[in-house]
Amino acid sequence: MFLGLDSSTQSLSAIVIDPASGQIVREVSVNFGAALPAYNSPSGFIPGGKDGEVHADPRMWLDALDLALKQLADGFDLSKIEAIASSGQQHGSVYLDARFEQRLADLDSAKSLKEQVAPALTRATAPIWMDTSTGAECAEIAAAAGGNAEVCRISGSIAIERFTGPQIRRFYKQDPTAYERTSVIHLVSSFIGSVLAGKNIEIDHGDGAGMNLLNLHSLDWDDTLLDATAPGLRGKLPPAATSTTIAGFISPYFAQKYGFSSDCQIVLSTGDNPSSLVGMGATTPGTMVISLGTSDTFFAAMEKSVTDPQGFGHVFGNPAGGFMSLICFRNGSLAREALRDVLGLDWSAFDRSGLAATPAGNDGNLMLPFFGPEITPRRDFSAPIRKGSTEFEAGGNPPAQVRAVLEGQFLNMRLHSQWIGEKAKLIRLTGGASQNDGIAQLVANIFQAPVERFAIANGAGLGAALRAAHALGHDLTALQASFCKPAAGSRLEPDASLAGTYDQALAGYKALLSA
Ligand code: ADP
Ligand code: XUL
């Protein structure tokens, strides 16, 4: 059996698969806010950050790892696990001193991970993908590297606020002494993988491409970008490696504490989106994936090599080989939740009252669906969502507001995914909100493509488990054929009669955005 872990923004989840039976045999999830309230991070990050800073406490991720494995081991024999792979929220970074690796080697199973690993942190908190504080650093990196077009040519993305390089540069500028004391910088995914392996593991090309540091042509860290970011950076980064690399065996800490076999292997980690590409059976071009987690993301294996001329979209390594496109929308679930809470609804009422009571296209009433700063398009929307018709400015007509936010989100997604140059033939939905039938049908109608969903909403966790099995010799296509199947009755066809309505709405949305 194979274990996949996913350390996302709001939760750490674990999925065990059995390739012989084609079954998911066990699933657990630890919600950071609910299970670890002492960290005061109800949505997985520390609220109230200044100047666009959004950080999380890496000790919370360590506690969650201990907690999830304890739950997983309860009534289940973890010695059956042959290999483990992890995925993590992308771009977030963890800063560690020279004693980190020795601490991992010396872990005592009678103590917690947190108490033994936390003393190695040289930066108490980890900047995560929601952070928008590095505008100045992005400009400096772009200038030093020969302009954003060059940064994009090398790394697949222009210099981006949430990407790890600009975050590292900000740390170097703010606290050069702590930067100097930092011996290794990990991504969330490679940090979790290193703890599991009891040593520093490499960074894979899927998550590594989200750093503004990886050269997508040589698949090595790029000297121009390293120099533009911070001094001595190459020496602080684990090497870059292909996603299927086997990093080593599990640390004795986990074998002793949770009953893993000492020959259980650890496969390199990747980002949650590249992992979902695997888990959604979309590693070959043709199927687009939309993940409705804390962030909304749109991604697909790439047919041709293109970058986004507007600079919002990205190119990452595809864990199965080649490349993938990725577009991230910051106002995803948290924006939907904010409106749901303003209107005092639960999810089923949100969906029912909003979508059932209003016509497609909302009688021409459009709204920009942003509750806070947005990544795609990159803007500081400090006034919440009410930009649109005067009716919304006044806050009236709740059902129309629900439709306007949802239509706005997916029109924005359709508009900003056009650079990929391929029309969606099939869309697979994953993430917490994918189970919402109203939202799923709306996606089918706006993109005019069939939508499929799986029985589990966590494509990243499943992808991690599939990658673990693949790295140990199982055929990925065969694994995907048995695990990546839409749930019975979950396929939704687009309503073809609405194609014109949404073409018109798209034009209207584009005009509103540039108004
Ligand atoms: P992440 O992986 O980023 O931590 P998830 O994929 O677990 O996030 O998604 C969590 C989000 O899913 C929650 O913030 C919640 O708003 C949303 N969600 C859960 N159920 C529904 C539903 N029925 N309709 C809409 N959104 C939902
Ligand atoms: C992708 C991104 C988010 C995070 C969290 O670029 O920033 O999707 O990976 O899920």
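The values are calculated or read from the model by the stated rules, or taken from the named source; none is laboratory data. These figures come from a predicted structure and were not determined experimentally. Virtual Cβ from ideal backbone geometry, glycine too; neighbours counted across all protein chains shown.
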Here are Ile192, Ile203: which of them is of a type in the set (A, V, I, L, M), buried (at least 24 other Cβ atoms within 10 Å of the Cβ) and either at pLDDT below 95 or within 17 Å of Gly235 (Cβ to Cβ) (or both)? Ile203
Considering every residue within region 282-289, establish whether at least one is within 16 Å of ligand 2 (Cβ to nearest atom) and under 20 Å from Ile203 (Cβ atoms). no
Enumeration of residues in region 160-177 that are touching a strand residue (DSSP E or B) at 6+ places or on another chain (Cβ under 9 Å) and either more than 20 Å from Asp222 (Cα to Cα) or not aliphatic (A, V, I, L, M) (or both): Arg162, Phe163, Thr164, Gln167, Arg170, Phe171
In region 36-61, which residues are within 26 Å of Phe2 (Cα to Cα) and buried (at least 24 other Cβ atoms within 10 Å of the Cβ)? Pro58, Met60, Trp61
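Per-residue answers, yes or no, for (1) away from ligand 1 (no atom under 11 Å from the Cβ); (2) within 14 Å of the chain's Cα centre (by Cα); (3) in a loop (DSSP other than H, G, I, E, B):
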{"residue": "Val306", "(1), (2), (3)": "yes, no, yes"}
{"residue": "Phe316", "(1), (2), (3)": "yes, yes, no"}
{"residue": "Ser325", "(1), (2), (3)": "yes, yes, no"}
{"residue": "Ala335", "(1), (2), (3)": "no, no, no"}
{"residue": "Leu345", "(1), (2), (3)": "no, no, yes"}
{"residue": "Ser348", "(1), (2), (3)": "no, no, no"}
Of these, Gly44, Gly48, which one is assigned to a loop (DSSP other than H, G, I, E, B) and away from ligand 1 (no atom under 13 Å from the Cβ)? Gly48
Hey, among the residues in region 87-122 that are within 22 Å of the chain's Cα centre (by Cα) and on the phi < 0 side of the Ramachandran plot, which one's surrounded by the most Cβ atoms within 10 Å (Cβ to Cβ)? Ser87
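Yes or no, residue by residue, for (1) in contact (Cβ under 8 Å) with a residue 24 or more places away in the chain; (2) of a type in the set (Lys, Arg); (3) closer than 19 Å to Leu216 by Cα:
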site	(1), (2), (3)
Met130	yes, no, no
Ala139	no, no, no
Gly146	yes, no, yes
Ile158	yes, no, yes
Identify the residue in region 116-141 that is within 16 Å of ligand 1 (Cβ to nearest atom) and touching a helix residue (DSSP H, G or I) at 6+ places or on another chain (Cβ under 7 Å) and, among all such residues, is nearest to Ser251 (Cα to Cα). Ala126
The number of residues in region 415-443 that are under 22 Å from the mean Cα position of the chain (by Cα) and part of a helix (DSSP H, G or I) is 12
All conditions in (1) at pLDDT 95 or above; (2) farther than 28 Å from Pro373 by Cβ are true of Pro285 except (1)
Report, ordered by the first and then the second residue, all pairs with beta carbons closer than 6 Å, sequence separation of six or more or different chains, a first member in region 288-302 that is touching a residue at least 24 places away in the same chain (Cβ under 8 Å), and a second member that is among the aromatic types (Phe, Trp, Tyr) and within 12 Å of ligand 2 (Cβ to nearest atom). Val289/Phe299; Ile290/Phe298; Asp296/Phe329
Can you confirm whether Thr283 is β-branched (Val, Ile, Thr), closer than 16 Å to Thr242 by Cβ, surrounded by 20 or more Cβ atoms within 10 Å (Cβ to Cβ) and touching a residue at least 24 places away in the same chain (Cβ under 8 Å)? yes
